[in-house]
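The values are calculated or read from the model by the stated rules, or taken from the named source; none is laboratory data. Quick caveat: nothing in here was measured; it's all calculated off a predicted structure. No Cβ is skipped: glycine too gets one built from the backbone with ideal geometry, and neighbour counts run over all protein chains shown. For accessibility, only protein heavy atoms count, side chains too; no ligands or nucleic acids. Shrake-Rupley method; radii C 1.70, N 1.55, O 1.52, S 1.80 Å.
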Amino acid sequence: MKSGLFVLKTAFALIILLLFSTNSRTQNLEIPAAHYNMYHDSDSSLYYLTEEGDTMKMYYEPGQYTLSKLRVMPAGTDVGLRFDFGDSTLNGRIYYGFFPDLDEVEHAYPIYSSRTAKIEKGISEVDIKNKLVGKYDFIGWQKSGIMRLGYRILNEHGRILYDGKLILTGKGPFEVDTCIIEGPFINMIRPNSAVVSFQTNFPAVCSVMADGKMFSDNEANLQHEIRIHDLKPDRLYDYTVYYDSYKESHSFRTAPEPGSRSRFTFAYASDGRGNTGGGERDIKGVNSYILKRIAVLCSQKNVRFFQFTGDLIDGYVIDPDEISLEYANWKRTIEPFAHSMPFVASFGNHESLLHYFSDGERGATVDKFPYDSVSAEAVFARNFVNPQNGPESEDGSKYDPDPDKIDFPSYKENAFYYTYDNVAIISLNSNYWFSPSIKYEQKIGGNLHGYIMDNQLKWCEEVLEKLEDDDAIDHIFVTLHTPIFPNGGHVKDDMWYSGDNSKRPWVDGEPVEYGIIERRDQLLDLMMNHSTKVRASLTGDEHNYSLLRVSEELTIYPDEYEGKKLTDFRPLWHINNGAAGAPYYGREETPWMDHVEAFSTQNAVVLFHVDGKQIEVEVVNPDTWEELDRFEIIVE
């Protein structure tokens with residue numbers, strides 16, 4: 001009876017997982033009007049006609065490693081587990097071991113045994129009954145018949161692909177039971193509420209208890225987002241997640257009442273994608289080693305929330321299921337700390353999910369469509385829990401070629417703002433509707449790396465006006481992935497493009513009105529002249545830490561620039577920290593390079609110690625805990 005239920009649960013879970021990882025193929029796709037020179041041939045395949053008249057056909061191939069392949073639910077056996085990955089080319093090894101008691105360990109990672117299991121032609125047999133007994137049974141499963149098991153999948157070259165977790169019951173034979181396989185995460189903490197999100201391996205109606213009140217799902221789901229409310233400000237709460245016959249407890253602190261001006265610390269970094277060096281420095285798309293060190297440091301520094309702005313992963317793939325695997329690896333790394341400390345993830349260029357066209361010699365790429373289901377923006381929104389207070393999309397802008405149809409992706413959960421006490425964070429998406437090919441295939445349509453499009457800029461202006469009038473807010477930070485003033489690694493693009501203002505998005509075969517330098521100046525004007533509260537821009541993309549005080553002393557235009565120039569502006573700190581684990585970039589020459597006050601290629605976390613109107617900034621290497629920089633933001 002129980003094994004039949006397992007089969008039913010597994011089938012249902014597989015169906016849902018496939019729905020979440022729908023792969024848009026090359027046929028029968030409706031072409032958004034914002035693109036140009038795309039057409040369906042008689043075989044319904046999608047083609048792109050280049051400006052030179054060459055024809056490129058859309059190319060698709062599933063990712064070699066995907067979430068649905070590696071997060072397959074194993075079957076219980078007489079001695080342990082049998083994994084069938086459904087891929088005869090997959091060979092490697094599985095490490096496995098138990099989680100410590102969650103009631104005794106606050107930040108629990110699995111403790112892997114020296115025993116391993118081979119993966120041969122996509123099949124692996126994990127022996128628990130004979131291998132994890134006696135002195136290796138530190139959780140007492142031989143008596144209880146219940147175990148929380150962590151496992152790590154490596155390919156034949158030793159690259160780590162995925163870390164998973166399961167609950168097993170029985171003493172042999174064994175059975176996989178309902179388990180939280182991702183999370184729980186604490187999100188969107190407010191003075192009186194928060195959202196607890198997590199994913200289970202089987203559909204379940206789950207509940208969260210906090211402050212003696214129970215909050216539950218409306219129906220059985222795999223994905224769970226449960227809002228807990230009616231809480232008190234700036235108070236530490238225990239919360240317990242109930243799923244089937246299991247539970248686990250964690251704690252978090254609610255935000256202070258707006259304008260309380262209590263002392264607190266928040267942290268910032270970006271660019272944690274995979275790096276060289278082997279091991280956990282690249283768990284399929286993520287530098288898990290440095291990210292884990294960052295989480296440990298922030299926990300010890302009592303950080304209230306962490307803003308991570310873009311390039312969480314390697315990305316730049318064409319299979320939604322592959323990018324979801326990389327997101328899963330990012331979330332698994334921070335998970336033991338994100339039970340209690342919110343990690344706010346924002347969008348960067350390496351979150352790109354693309355359609356790829358090729359003629360066999362060269363290729364072209366655009367943001368994946370249909371936009372509502374498989375765009376980079378849509379898949380990002382499915383993987384993270386962020387405020388939904390941003391702009392709708394670029395539909396309805398003066399460049400929109402068809403007002404009656406959806407021609408652009410949604411900004412849902414990839415452009416937003418939030419507040420904490422007297423601080424506001426505005427998170428912009430400078431890689432919205434990103435087309436990497438726009439540099440040379442302009443008429444294909446798409447946005448430029450680093451460009452804030454019209455509707456988003458207008459929304460930013462409206463939010464700044466709202467926050468300017470909010471007496472509870474003293475400090476505003478505007479975060480976006482691409483530097484406004486690059487200093488090393490991306491001088492050729494970002495918001496500078498070596499001073500070339502001709503760079504701009506193209507919509508339906510036509511360039512937009514303003515170039516990249518003009519749009520940079522419009523954003524700067526909003527932050528520096530239309531607001532008295534914006535203290536700093538927080539950027540990444542360049543894999544280093546740099547500090548620049550933007551003032552009228554800087555040269556910010558190329559020689560012989562003929563456009564309108566920004567003058568008479570309030571000073572602003574430009575803080576770049578793309579040093580969360582991605583491969584480093586050294587300094588490059590720029591017109592403002594002599595004014596750069598600090599620069600480091602070491603891994604870095606920027607800590608903002610906010611105390612009312614005062615802010616002390618501390619920059620620390622999370623690997624060595626060495627202080628890299630320290631300064632104060634003075635409110636004039």
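The residues of segment 146-179 that are closer than 24 Å to ASN91 by Cα and part of a loop (DSSP other than H, G, I, E, B), listed by number, are GLU156, HIS157, GLY158, ARG159. Checking each residue in segment 483-516 for being among the charged types (D, E, K, R) and either open to solvent by less than 40 Å² (accessible area, probe 1.4 Å) or within 25 Å of PHE266 (Cα to Cα) (or both) picks out ASP493, ASP494.
Taking segment 270-283 as the range and being on the phi > 0 side of the Ramachandran plot and crowded, with 17+ Cβ neighbours inside 10 Å as the test, only ASP271 passes.
Looking across segment 573-609, just one residue is crowded, with 21+ Cβ neighbours inside 10 Å and more than 25 Å from the chain's Cα centre (by Cα), and that is THR590. Here ALA108 passes the criteria (1) assigned to a strand (DSSP E or B); (2) farther than 15 Å from GLY80 by Cβ except the one numbered (1).
The rows are residues; the columns are (1) under 30 Å from VAL241 (Cβ atoms); (2) out of contact with any His (no Cβ under 9 Å at 6 or more places or on another chain); (3) open to solvent by less than 10 Å² (accessible area, probe 1.4 Å).
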{"position": "ALA338", "(1), (2), (3)": "yes, yes, yes"}
{"position": "LYS368", "(1), (2), (3)": "no, no, yes"}
{"position": "PHE380", "(1), (2), (3)": "yes, yes, yes"}
{"position": "ASP395", "(1), (2), (3)": "no, yes, no"}
{"position": "ILE406", "(1), (2), (3)": "no, yes, no"}
{"position": "LYS412", "(1), (2), (3)": "yes, yes, no"}
{"position": "TYR417", "(1), (2), (3)": "yes, yes, no"}
{"position": "ASP421", "(1), (2), (3)": "yes, yes, yes"}
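Restricting segment 228-248 to residues that are of a type in the set (D, E, K, R) and more than 30 Å from THR539 (Cα to Cα) leaves a set whose member that is least open to solvent (accessible area, probe 1.4 Å) is GLU248.
Checked against (1) assigned to a loop (DSSP other than H, G, I, E, B); (2) within 27 Å of GLU513 (Cα to Cα); (3) among the hydroxyl-bearing types (Ser, Thr, Tyr), SER537 meets all criteria but (1). Listed by position, the strands (runs of 3 or more DSSP E) enclosed by segment 579-636 that each have at least 1 residues that are more than 30 Å from ASP559 (Cβ to Cβ) are 605-611, 614-620, 627-633. Just so you know, in segment 446-462 the residues that are assigned to a helix (DSSP H, G or I) and open to solvent by less than 10 Å² (accessible area, probe 1.4 Å) include one that is farthest from TYR399 (Cα to Cα), and it is CYS460. I'd like to know if segment 467-482 contains one or more residues that are open to solvent by less than 10 Å² (accessible area, probe 1.4 Å), in a helix (DSSP H, G or I), over 22 Å from GLY578 (Cα atoms) and in contact with a strand residue (DSSP E or B) (Cβ under 9 Å, 6 or more places away or on another chain). Within segment 467-482 (the criterion being open to solvent by less than 10 Å² (accessible area, probe 1.4 Å), in a helix (DSSP H, G or I), over 22 Å from GLY578 (Cα atoms) and in contact with a strand residue (DSSP E or B) (Cβ under 9 Å, 6 or more places away or on another chain)), the answer is yes, since at least one residue qualifies. Within segment 89-101, is there a residue that is among the β-branched types (Val, Ile, Thr) and surrounded by 14 or more Cβ atoms within 10 Å (Cβ to Cβ)? Yes, because at least one residue in segment 89-101 is among the β-branched types (Val, Ile, Thr) and surrounded by 14 or more Cβ atoms within 10 Å (Cβ to Cβ).
Here is a check on your reading of the model: is ASP87 at pLDDT below 95 and either more than 16 Å from PHE174 (Cβ to Cβ) or among the polar types (S, T, N, Q) (or both)? Taking the combined requirement at face value, the residue does not satisfy it. In this structure, ALA328 does not satisfy being crowded, with 24+ Cβ neighbours inside 10 Å, part of a strand (DSSP E or B) and on the phi < 0 side of the Ramachandran plot.
Beta carbons closer than 7 Å, at least 6 apart along the sequence or on distinct chains, pair a first residue in segment 618-636 that is more than 27 Å from ASP474 (Cα to Cα) and open to solvent by 90 Å² or more (accessible area, probe 1.4 Å) with a second that is outside any strand (DSSP E or B) and not hydroxyl-bearing (Ser, Thr, Tyr) for TRP625/LEU297.
Kindly indicate the residue of segment 249-260 that is crowded, with 18+ Cβ neighbours inside 10 Å and not aliphatic (A, V, I, L, M) and also farthest from THR169 (Cα to Cα) among those meeting that condition.
Keep residues of segment 249-260 that are crowded, with 18+ Cβ neighbours inside 10 Å, which gives 250, 252-256, 258.
The next check asks that each one be not aliphatic (A, V, I, L, M); those that pass are 250, 252-254, 256, 258.
Details: HIS250: 23, PHE252: 30, ARG253: 34, THR254: 36, PRO256: 42, PRO258: 47 Å.
If we take residues in segment 249-260 being crowded, with 18+ Cβ neighbours inside 10 Å and not aliphatic (A, V, I, L, M), then PRO258 is farthest from THR169 (Cα to Cα).
For segment 366-401, a tally of residues being in a loop (DSSP other than H, G, I, E, B) and either at pLDDT below 95 or among the basic types (Lys, Arg) (or both) returns 2.
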